[in-house]
Amino acid sequence: MQSAQRTAATHAKPKNTEEDIYTDLYNAILERRLPPETKLGEQPLAEYYGVSRTIIRQVLSRLAHDCLVKLEPNRGAFVASLSLEAARQIYAAWRLLEAAIIRDVAQSMTKKQLATLKKLITEEREACDQKDMPRLTRLSAQFHMKLADFCRNPYLSKFLKELVPQTSLAFFYEVKNMPICTKDEHSEILNFIAAGDVEGAVAAAMRHLDGIEAGLNARAALTRPQSLIEILKAR
Ligand SMILES: [Zn+2]
């Protein structure tokens, strides 16, 4: 244990601002590398990132505000978990927001915004070719969050950006049915928007989210992770 901690400290990345640590942990959760209920110990994290426990506490507090981490009195911080029912409620809310966002964005999409979304899809394709599932998972979520960024109603985008990362806490998927947003489905949505077919885009997005939710499976077991620091070091 001691030698493991020394190793972790020795290999601490030069990422040590609060923002960098927040982004690193946020991405690790979004990429499904840190499963629900993983203990987020202040001391090991402080040693790994080479910062004070105060900074780690601030980061954990921000992640708790995002509903991605739960803080338990006397027990500390853990990656939050989601019940199957809550996951279904999130997808139900996501569908409503996605439809409203697409209807707005389709009226106002600029060439630059279209290019940004196409670039994300290209990156998804690369991650897919490289079989980099964590990166593909994050990019897939980012596609929806970037689309929301282009919505002129800031409340719609704010709500969607709160919801989407939380779907990474749903661990009810069989591995073969991991909720990866396929590049072709994202392209399909975007092509409808670019062609001015708003309802076609909404219908494609609903089929897409239905397909992801259909992968939810209450019987799928959550595999227990390696240690927190081993997971963080693996990137
Ligand atoms: Zn998607």
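Counting only Cα atoms, segment 52-175 measures 51, 36, 34 Å along its principal axes, largest extent leading. Annotation: Cα Rg of segment 86-125 relative to the compact-globule expectation 2.2 N^0.38 Å equals 1.48. Of the trypsin sites (Lys or Arg not before Pro) found in segment 70-106, those in coil by DSSP whose Cβ has at most 13 other Cβ atoms within 10 Å are ARG75.
Three principal axis extents describe the C-alpha atoms of segment 103-164; from largest down they are 36, 27, 13 Å.
Counting only aspartates and glutamates at least 8 places from LYS146 when in the same chain, those with an alpha carbon closer than 14 Å to its own are GLU98, ASP104, GLU123, GLU124, GLU162. Reported to the nearest whole Å, the Cα centre-to-centre distance from segment 119-170 to segment 92-110 is 14.
Please compare each pair in LYS70/LYS112; LYS112/LYS158; LYS131/LYS161; LYS70/LYS158; LYS119/LYS158; LYS70/LYS119 to a cut-off of 29 Å on the Cα-Cα distance and tell me which ones are over it. Cα-Cα > 29 Å for LYS70/LYS112; LYS70/LYS119; rest within.
Where a number appears in this text, it was derived from the coordinates with a stated rule and is not lab data. Remember, it's a predicted structure, so these values are computed and weren't measured experimentally. Methodologically, a virtual Cβ is constructed for each residue, glycine included, from the backbone with ideal geometry; neighbour enumeration extends over all protein chains shown.
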